[in-house]
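A.B. asks: I'd like to ask some things about the structure below.
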Amino acid sequence: MSNDNRYDVIIIGTGAGGGTLAYHLAPSGQRILILERGDYVPREKANWDPKIVNVDAHYNTKETWLDKDGNDLHPHTNYNVGGNTKFYGAALFRLRERDFGELHHHGGISPAWPITYSDLEPYYTQAENLYQVHGERGEDPTEPPASAPYPWPAVSHEPRIQQLADDFAAAGLKPFHVPVGVMLDETNPHKSRCIRCNTCDGFPCLVSAKADAQVLCVDEAVKYPNVTLLTNSLVKRLETDASGFDVNSVVVERNGNEERFRGNVVVVSCGAINSAALLLRSASEKHPRGLANSSDVVGRHYMGHTNSVLMAISKCPNPTVFQKTLGVNDFYFGSDDWPYPMGHISFVGKLDAVTLRAGAPAIAPNFTLEMMAKHSLDFWLTSEDLPDPENRVTIDRNGKIVLTYAPNNLEAHERLQAKLKQALKHHHCPAHGHDCHEGLFGRNLYAGQRIPLAGVAHQNGTIRFGHDPKSSALDVNCKAHDLENLYVVDGSFFPSSAAVNPALTIMANALRVGDHILERLGASVAERVGVGSAS
Ligand SMILES: Cc1cc2nc3c(=O)[nH]c(=O)nc-3n(C[C@H](O)[C@H](O)[C@H](O)COP(=O)(O)OP(=O)(O)OC[C@H]3O[C@@H](n4cnc5c(N)ncnc54)[C@H](O)[C@@H]3O)c2cc1C
Ligand code: SF4
């Protein structure tokens, strides 16, 4: 292997985990190679076209996986620079403090994490600054303590959403402004990079105003001369030296050729499903069950949340453009009449008729799809799914991903839906009074694809971290227990999925692990600031 192919750190994947880590390590002067299987998302008008994005699934990977019965699965996931953050809704939540401890759910136990909330708190603050989170502390009744305010004021509610917030408050709930990573400056609309449009959640941002890992992290990292990014570079497997303790070769398929790279430190961040698959594909004589898998947990405990989209139809129209501003966490840990956690209520981006047609909702009486789209409030409900070792990623004999998943803890989600229905009964509009609300209608999340298996947006848990090498694959620093130089920083490390969106926790953890790696490499803070300044 030539010296050109040797690096201090190799990072595989450029999403919430890998992109954030690259940003953090870039100023250190260490030689860093970033390998990404995808390319940049092209900037084109199609970025904001609901048919092309939602119906044709144009930007989704065309790769197919298998379900447990061997049927093809078309995963709703994206391979590109920035990973899934290019398409995310940028709702950037901290986990709740109690999510880090053991929690008793109706469906079983959500296990404790090996770190506490206070271990991650400083990194949550850093991640909120880096990803320009807009929010308001003190509103969300379950929010954990924070050492700093949000860097930006909350994104304001449009009138229909403000009316709903007032109705919820009148019903005794504590609605709050969802923390969002969009580069919106409401005090300077003419200068604001974000134009507050209706094609954000699920779409790439045509004007680069979404706080995603490409724009904010990878683009910044590659300005440093010590950082190299190779796109269209699919990592096929990792090989170890004879001792089996060090990864000494990262095997990459690029431009139809096989290439090999060596890193003193190798960081896997391919997303929870692909990272597990990569380690399993890297089985060898020294690691017969797959790399870093003496515990046999790699690929197991797959979680992805129990999610649903519920459309509340009213006689009053909902002309909201940017809808993802309101959240309700009153039932997150339970309620007076049910002592178990239920989850989180917020919004998806405003649904339109084109997207609805593909998602086939039940039609409200006397409504067309166009009318439903004009009148709906489009809620997003998330409940925690629990880590089950039989819910897992495996690979078939050709190396193809097989995803096996049986939903669990479902009563929590049903109760959450019932709570939302109840809360909406309080809605009292000036024109139609209580008769305004027509009902709640479920919308299929992914057109033409299996639900919920293909909906892998919130994938996590497949390479869990923990103290015990017998029951976890990673130690508290997210280094593989079995290897000296292998780390994982995507959503794989979660021991439990909690019930808020995962990206901010992945970003914060990448910054935490980044500090550990810098220390390991002997890069002092002074060096980090002084060496390798951006060209
Ligand atoms: C439509 C949508 C909306 C979402 N909304 C939200 C939200 O509002 N809030 C929130 O917190 N989360 C949201 N999410 C989830 C969020 O995007 C993910 O949790 C987050 O991006 C996961 O980060 P990651 O680093 O684990 O993986 P990813 O971001 O998926 O990054 C993995 C990267 O690895 C690359 N890769 C994979 N395999 C290989 C390989 N073998 N070799 C080289 N590269 C490889 C991929 O191409 C990709 O770039 C949403 C997701 C989607 C799809
Ligand atoms: S709302 Fe703002 S960040 Fe989102 S896609 Fe539109 S312009 Fe971009």
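A.B. asks: Within region 117-127, identify whether any single residue is more than 16 Å from ligand 2 (Cβ to nearest atom), touching a Phe, Trp or Tyr at 6+ places or on another chain (Cβ under 8 Å), closer than 19 Å to GLY343 by Cα and open to solvent by 60 Å² or more (accessible area, probe 1.4 Å), and answer yes or no.
C.D. replies: The answer is no, given that none of the residues of region 117-127 is more than 16 Å from ligand 2 (Cβ to nearest atom), touching a Phe, Trp or Tyr at 6+ places or on another chain (Cβ under 8 Å), closer than 19 Å to GLY343 by Cα and open to solvent by 60 Å² or more (accessible area, probe 1.4 Å).
A.B. asks: Then there is this: Going by the conditions given, is GLY461 more than 16 Å from ligand 2 (Cβ to nearest atom), at pLDDT 80 or above, touching a strand residue (DSSP E or B) at 6+ places or on another chain (Cβ under 9 Å) and at positive phi?
C.D. replies: yes
A.B. asks: Scan region 48-57 for residues that are surrounded by fewer than 18 Cβ atoms within 10 Å (Cβ to Cβ) and within 16 Å of ligand 2 (Cβ to nearest atom) and jot them down.
C.D. replies: Listed by number, the residues that qualify are TRP48, ASP49, ILE52.
A.B. asks: Those residues that are more than 15 Å from ligand 1 (Cβ to nearest atom), under 19 Å from TYR131 (Cβ atoms) and of a type in the set (A, V, I, L, M, F, W, C), I need them from region 26-53; list them, please.
C.D. replies: Listed by number, the list holds a single entry, ALA26.
A.B. asks: If only one of GLY18, GLY29 is open to solvent by less than 50 Å² (accessible area, probe 1.4 Å), closer than 27 Å to PHE203 by Cβ and of a type outside the set (S, T, N, Q), which one is it?
C.D. replies: None of the others qualify; the one that does is GLY18.
A.B. asks: Does region 236-270 hold any residues that are farther than 14 Å from ASP8 by Cα and open to solvent by less than 20 Å² (accessible area, probe 1.4 Å), and which are they?
C.D. replies: LEU238, GLY244, VAL251, VAL252, VAL268, SER269
A.B. asks: Looking at region 88-115, which of the residues that are in a loop (DSSP other than H, G, I, E, B) and of a type in the set (Phe, Trp, Tyr) is farthest from ALA16 (Cα to Cα)?
C.D. replies: TRP113
A.B. asks: When the residues of region 163-195 are filtered to those that are within 16 Å of ligand 1 (Cβ to nearest atom) and within 24 Å of LEU381 (Cβ to Cβ), which remaining residue is most open to solvent (accessible area, probe 1.4 Å)?
C.D. replies: Within region 163-195, the match that is most open to solvent (accessible area, probe 1.4 Å) is HIS177.
A.B. asks: May I ask you to verify whether ALA526 is modelled with pLDDT under 95 and out of contact with any helix residue (DSSP H, G or I) (no Cβ under 8 Å at 6 or more places or on another chain)?
C.D. replies: It is true that ALA526 is modelled with pLDDT under 95 and out of contact with any helix residue (DSSP H, G or I) (no Cβ under 8 Å at 6 or more places or on another chain).
Residues checked against (1) away from ligand 2 (no atom under 16 Å from the Cβ); (2) not in a strand (DSSP E or B):
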site	(1), (2)
THR187	no, yes
HIS190	no, yes
CYS197	no, yes
CYS200	no, yes
CYS205	no, yes
ASP219	no, yes
VAL235	yes, no
ALA242	yes, yes
GLU253	yes, no
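A.B. asks: Any residue that is of a type in the set (A, V, I, L, M), buried (at least 19 other Cβ atoms within 10 Å of the Cβ) and more than 16 Å from ligand 2 (Cβ to nearest atom) - is there at least one of those in region 207-215?
C.D. replies: No, region 207-215 contains no residue that is of a type in the set (A, V, I, L, M), buried (at least 19 other Cβ atoms within 10 Å of the Cβ) and more than 16 Å from ligand 2 (Cβ to nearest atom).
A.B. asks: Say we look at region 500-525 and pick out the residues that are farther than 19 Å from VAL250 by Cβ and out of contact with any Leu (no Cβ under 9 Å at 6 or more places or on another chain); which of these is surrounded by the fewest Cβ atoms within 10 Å (Cβ to Cβ)?
C.D. replies: In this case the residue turns out to be GLY522.
A.B. asks: Restricting the first residue to region 72-96 and requiring it to be free of Cβ contacts under 8 Å to residues at least 12 places away in the same chain, which pairs with a second residue that is more than 6 Å from ligand 1 (Cβ to nearest atom) meet a Cβ separation below 7 Å and a spacing of at least six or different chains?
C.D. replies: ASP72/THR64; ASP72/LEU66
A.B. asks: Taking strands (runs of 3 or more DSSP E) that fall entirely within region 309-427, which contain at least 1 residues that are out of contact with any helix residue (DSSP H, G or I) (no Cβ under 7 Å at 6 or more places or on another chain) and open to solvent by 40 Å² or more (accessible area, probe 1.4 Å)?
C.D. replies: Correct list: 392-395.
Here is a yes/no grid of residues against (1) farther than 30 Å from VAL354 by Cβ; (2) touching a residue at least 60 places away in the same chain (Cβ under 8 Å):
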position: TYR124; (1), (2): yes, yes
position: ALA127; (1), (2): yes, yes
position: HIS134; (1), (2): no, no
position: VAL182; (1), (2): no, yes
position: THR187; (1), (2): yes, no
position: ARG193; (1), (2): no, no
position: ASP201; (1), (2): no, yes
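A.B. asks: Please work out which residue is nearest to ligand 2 (Cβ to nearest atom), limiting yourself to region 467-497 and to residues that are open to solvent by less than 10 Å² (accessible area, probe 1.4 Å) and without any contact (Cβ under 8 Å) to a residue 60 or more places away in the chain.
C.D. replies: By that ranking, first place goes to PHE493.
A.B. asks: Just one of (1) over 28 Å from ASN391 (Cβ atoms); (2) in a helix (DSSP H, G or I); (3) at pLDDT 95 or above trips up LYS51, so point out which.
C.D. replies: Against the list (1) over 28 Å from ASN391 (Cβ atoms); (2) in a helix (DSSP H, G or I); (3) at pLDDT 95 or above, LYS51 comes up short only on (3).
A.B. asks: Mind listing whichever residues of region 319-341 are of a type in the set (Asp, Glu) and under 16 Å from PHE168 (Cα atoms)?
C.D. replies: Matches in region 319-341: ASP330 only.
A.B. asks: While we're on this one: Out of region 60-77, which residues are open to solvent by less than 10 Å² (accessible area, probe 1.4 Å) and assigned to a loop (DSSP other than H, G, I, E, B)?
C.D. replies: PRO75, THR77
A.B. asks: Can you name the condition, by its number, that GLU136 falls short on among (1) of a type outside the set (A, V, I, L, M, F, W, C); (2) away from ligand 1 (no atom under 16 Å from the Cβ); (3) more than 23 Å from TYR332 (Cα to Cα); (4) surrounded by 15 or more Cβ atoms within 10 Å (Cβ to Cβ)?
C.D. replies: Only one criterion is unmet by GLU136, namely (3).
A.B. asks: A follow-up question, please. Only one of (1) exposed (fewer than 15 other Cβ atoms within 10 Å of the Cβ); (2) more than 30 Å from ALA406 (Cα to Cα) is not met by PRO288, so which one is it?
C.D. replies: Only one criterion is unmet by PRO288, namely (2).
The values are calculated or read from the model by the stated rules, or taken from the named source; none is laboratory data. Quick caveat: nothing in here was measured; it's all calculated off a predicted structure. Neighbour counts are summed over all protein chains in view; Cβ atoms, including those assigned to glycine, are modelled from backbone coordinates with ideal geometry. Heavy atoms of the whole protein, side chains included, go into the accessibility calculation; ligands, DNA and RNA do not. Shrake-Rupley method; radii C 1.70, N 1.55, O 1.52, S 1.80 Å.
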